[in-house]
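The values are calculated or read from the model by the stated rules, or taken from the named source; none is laboratory data. Owing to the predicted nature of the structure, the values given are computational and were not obtained by experimental measurement. Virtual Cβ from ideal backbone geometry, glycine too; neighbours counted across all protein chains shown. SASA here: full protein model, heavy atoms, side chains in, ligands and nucleic acids out. Shrake-Rupley method; radii C 1.70, N 1.55, O 1.52, S 1.80 Å.
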Amino acid sequence: MTMQTSVFSLDSLTMERIERKFREKQELAKAKTHDLFDVFQEKLTDEEAWALKYLFAYMPVNDMADYDGALFLSHVRRTLEIRQKMPWGHRVPDHLFLHFVLPYRVNTENIEDSRGILHDELVDRTKSLSMADAILETNYWCHEKATYIGSDLRTMSPLTMIRNARGRCGEESTLAVAALRSIGIPARQVYTPRWAHCDDNHAWVEAWADGTWYYIGACEPEARLNQGWFSPPARRAMLIDTRIYADYPGPEDITLADEWFTE
C-alpha cells in the first residue's frame, strides 16, 4: 500500500517524482540559481515548499529563463491564502487544486503576479454564492472586462486583456481561467484545433463545482452552465484538448504524456 502524506495528499512515489524533476530543473537552470531558487532559503511552510517544487518541476524551461523565484513564491502564497479564505477552498480535492488551481500559466501568455489582483476584484461578488453560481458570476465579470476580436498574435496575459478590453477566444478563455482560479475554483482552457464543419477552431473553459466539470463560453455569459453557441459543433469535434503541466493521470483520455506536461 502506498502511504499518503499530509502535504497535498501526495504519496511517497509522487513526492519522489516531483523531487527528481525539481532537481533536474535546478540543473537546467543552474546559471540562474540565485534568481530562481534562493526563495527556498526563506521561512516556508511545508505546503509552500512543496507547491513551489511542484511548479518548478513541471514549468516550461523558458519560464525559468524569463522570470524569477520571487514571482512564483508570491503566486504560491496568494493561492494558498485564497484556498483558506474561500468557502469552498477545502472542498476542492488536493489533486484538482494542484492541477487546476495552483498553476500560474494557462496558455502562452506573459506571466504577471495577477492572482491577488483578480481575486480582489471577484471575492466580494462570489464569496456568498454556490460554486456553480460563482462560476457564472465570474464569467459575467469577464464579459464586463473584455469582448471578442479575432487575431493571430501571441496570447495576451489576463491583465493586458483587461487593459485592451478585447481579444480572441484563446485570450478570453485565458482570462476566465485565471479569474476562476483566483477565487479557488478549478478551471482549465479547452479547445478544438479544427471544427468538423469548417476550417476554423475555438477555445472555451471548463470549471469544476462540487464534483462536476461544467463548460462555459469565456466572456460569453449564459444564464446557466453547460450552455454556449458552440455546444452543437463541440459535440462533433474530432478532438477537444487541454494541456496540464504535470503528470496527470486522468480520468480523461490521455493523448500525450510528456516529461513535463500531459494532454
Report, in degrees rounded to the nearest 10, the 0 to 90 angle that the Cα long axis of helix 12-28 makes with the longest principal axis of the chain. 90
Where 7, 61 fall by accessible area, highest first, once all protein chains stay in place (1.4 Å): 61, 7
Once the Cα atoms of the stretch 1-115 are picked out, what are the Rg and Dmax in Å? 14.1, 42
Binning at 5 Å from 0, report for the chain what percent of all alpha-carbon pair distances ends up in each bin. 1, 6, 13, 17, 19, 18, 13, 8, 4, 1, 0, 0
Sequence ranges 51-59, 208-216, ranked by mean other-Cβ count within 10 angstrom, highest first: 51-59, 208-216
Decide, for the stretch 136-263, between rounded, prolate and oblate: order the square roots of the alpha carbon gyration tensor eigenvalues as a ≥ b ≥ c, take rounded if a/c falls under 1.5, and otherwise choose prolate if a/b is larger than b/c, else oblate. rounded
When a/c reaches 1.5 or more, the comparison of a/b and b/c decides; with that in mind, is the stretch 149-212 rounded, prolate or oblate per its Cα gyration tensor? oblate
Three-way shape label, the stretch 92-154, alpha-carbon gyration tensor, a/c 1.5: oblate
The stretch 1-108, accessible area per residue, ligands and nucleic acids excluded (1.4 Å, Å²): 49
For the stretch 204-247, what does the equivalent ellipsoid look like in terms of its semi-axes, each the square root of 5 times an eigenvalue of the Cα gyration tensor, given largest first in whole Å? 19, 16, 10
Under 20 Å from the Cα of residue 25 - lysines, other chains or at least 8 residues apart: 53
To the nearest 10 Å², what's residue 20's accessible area with a 1.4 Å probe? 110
Rounded to the nearest 5, what % of the DSSP beta bridges within the chain are antiparallel ones? 85
